[in-house]
Amino acid sequence: MVDQLRPVCAPQVSEPMRRRLLDGADSSMALLAAVLTALFGAGAVAVLASSGRPEGAPHTFDELVGGGGLLVAGAAGLTVVHGVFCALRRRWAQRTGVFLSRHLLADLAVRDPQAAALLALAQHDIDRIRAASVRDDELALRRAEWAVSRAALDCGGDAGRRSELSDQVDQLSRWADWQEESRDRLDHPPRSEPAPGRGTQCGPLRRVRVR
């Protein structure tokens, strides 16, 4: 679970910015795009500069191959620019203290595995609450996840702070259990038993006239 720690935004971050920070381009995709840009760009330039085409190829071979290569290189270059811009935006948000990146949490898992494990449990319980809640508790959940994440980063190996973090995680776990029990009660309401003598097989009582 520690390997699956997700980045966290501060609760005051606007929804559009939150989506941009959490759904930013992956660095591996940006690296792949950079490689494609270099390869296709170099190949296209070489084809256009050499003006040589295979025997039997149409006269537009250079333009088609070279132009196509430049188009692919341009599209990949836009992906690189977008990835760099997203990385700079995430770094700025992290410096201003409103975003905890995946790399920062991965570093936490190396420095303080116990705190990272508690944070992983907290995020799991928050997901349970989201799945089971019948109310809109999203803002409260975001505040709780931010508070627990900050507490995990601030532990610094201190046993007292880790104990406080553990208490917070236990509260989230109890909240998740309560939400799931409430959902189960709503999904499966208890069956009401008929009162004695009033079952469906019993007709209404009739008055008997005594002569």
Could you list, bin by bin from short to long, the percent of Cα-Cα pairs of the stretch 112-187 in 10 Å steps? 21, 48, 23, 7, 1
How high is the FRET efficiency between Asp154 and Arg174 when r is their beta carbon distance and R₀ equals 25 Å, given to the nearest 0.05? 0.60
With every protein chain kept in place and ligands, DNA and RNA left out, what is the accessible area per residue of the stretch 103-166? Probe 1.4 Å, answer in Å². 50 Å²
Taking a 1.4 Å probe, which of His103, His124 shows the most accessible area, and what order do the others take after it? His103, His124
With +1 on each Lys and Arg Cβ and -1 on each Asp and Glu Cβ, and nothing else charged, work out how big the dipole of the stretch 112-187 is about its Cα centre, in Debye to the nearest 20. 140 debye
Rule-of-thumb check for the stretch 87-155: C-alpha Rg over 2.2 N^0.38 Å? 1.20
Points 7 angstrom from Cα along the Cβ direction at Ser166 and His103: gap in nanometres? 3.3 nm
Theoretical FRET efficiency, 1/(1+(r/R0)^6), r = Cβ-Cβ of Arg89 and Arg183, R0 41 Å, to 0.05: 0.65
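The values are calculated or read from the model by the stated rules, or taken from the named source; none is laboratory data. For clarity, every value in this text was computed on a predicted model and none was experimentally measured. Positions of Cβ are backbone-derived with ideal geometry, glycine not excepted, and every protein chain shown enters the neighbour counts. For accessibility, only protein heavy atoms count, side chains too; no ligands or nucleic acids. Shrake-Rupley method; radii C 1.70, N 1.55, O 1.52, S 1.80 Å.
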